């Protein structure tokens, strides 16, 4: 079974045409991979479908804008994968 | 339909919340300055206007689902196809079907039908934002009400 990171990296590579080898758990989606907000919507769309969840992009953005979270908390890929695992676990609880 | 004001919806004829489906009617006007330029002596509705009709059908679907509490903004279009030239005076039906209900955005499959055939299609992504002003919210709600969405929308 593929890990969450493998699935996320595959989706990013396919959606944003970024070579798979450039996508690492430590990579920052915006700063390192250059993903813009429109591409990120496509990625979230694909991840929602793949994992059967609804990534709360609005509340994440609000938390970052209000200084209650750091951009890295959601946009560094290992952190994004951890959030996805939490959402999947909550769905299956 | 008032092309010059980007009012593309004459009536909302069907909204099915469970299926995430909405159908509208758009009556192409017989006269408009748009047709003077597109094209002289050969008036046809520009493809961008057909896209805007599908955009409006999608926007009305999102507003019907959220009780007209969020403003849908055109964000991306994929797989757009236009299969037929549309003349002034044509009555069109457009549909929008929800493909994905995301957080702060939605994706639809939209289409325009004429004489039982699909003559245009597109996959449309819209960002759903808070209304920037109360005045705009009131005006959009008035338009939605006038088109018949009022009694169909879910809060």
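Temperature 4 °C, viscosity 1.567 mPa s: under these conditions the Stokes-Einstein estimate for region B:29-118, based on its Kirkwood radius over C-alpha pairs, is 90 µm² per second.
For region B:49-155, the relative contact order works out to 35 percent when only alpha carbon pairs closer than 8 Å and six or more residues apart are counted. Taking every residue in B:95-104 and counting other chain Cβ atoms within 10 Å of its Cβ, the average works out to 4. Summed over qualifying helices (DSSP H, 4 residues or more, each -39500 (n - 2.57)) and divided by its residue number, chain B shows a 222 nm mean residue ellipticity of -7500 deg cm²/dmol.
Here the extension length gained between residue B:42 and residue B:78 equals 10.1 nm, from 0.36 nm per residue of separation less the Cα-Cα distance.
With a Förster radius of 25 Å, plug the Cβ-Cβ distance of residue B:91 and residue B:130 into 1/(1 + (r/R0)^6) and report the FRET value to the nearest 0.05. So the FRET efficiency works out to roughly 0.10. Each peptide in B:84-92, B:58-66 gets a packing score, the mean of other Cβ atoms within 10 Å over its residues, and the list from highest to lowest is B:58-66, B:84-92. Applying 1/(1 + (r/R0)^6) with r as the Cβ-Cβ distance of residue A:28 and residue B:140 and R0 = 51 angstrom yields a FRET efficiency of 0.85.
In degrees, nearest 10, range 0 to 90: what is the angle between the Cα axis of helix B:134-146 and the longest Cα principal axis of chain B? The helix B:134-146 is inclined about 60 degrees to chain B.
Relative to the longest principal axis of the Cα atoms of chain B, the long axis of helix B:47-66 makes an angle of roughly 20 degrees. Each label was represented as a point 7 Å from its Cα along the Cα-to-Cβ direction; for residue A:38 and residue A:85 these points are 3.4 nm apart.
What is the distance in Å between the Cα centres of region A:1-32 and region A:41-93? Computed from Cα coordinates, the inter-centre distance equals 15 Å. In the protein assembly as shown, how does Rg compare with the Kirkwood Rh, expressed as the Rg/Rh ratio over alpha carbon atoms? Reported Rg/Rh (Cα atoms, Kirkwood Rh): 1.04. Spacing of the modelled spin labels on residue B:30 and residue A:73, each 7 Å from Cα toward Cβ, amounts to 6.2 nm. In a fully extended conformation the segment linking residue B:115 and residue B:14 would gain 34.6 nm over its present Cα-Cα distance, using 0.36 nm per residue. Neighbouring Cβ atoms from other chains, within 10 Å of the Cβ of residues in A:37-46, number 3 on average. Note on chain B: Kirkwood hydrodynamic radius from all Cα pairs is 15.6 Å, rounded to one decimal.
Taken together, the values in this text are just the output of simple stated rules run on the coordinates, not laboratory data. What you are looking at is a predicted structure, and each value in this text was computed from that prediction instead of being measured. We place every Cβ from the backbone using ideal geometry, glycine too, and count neighbours over all the protein chains shown.
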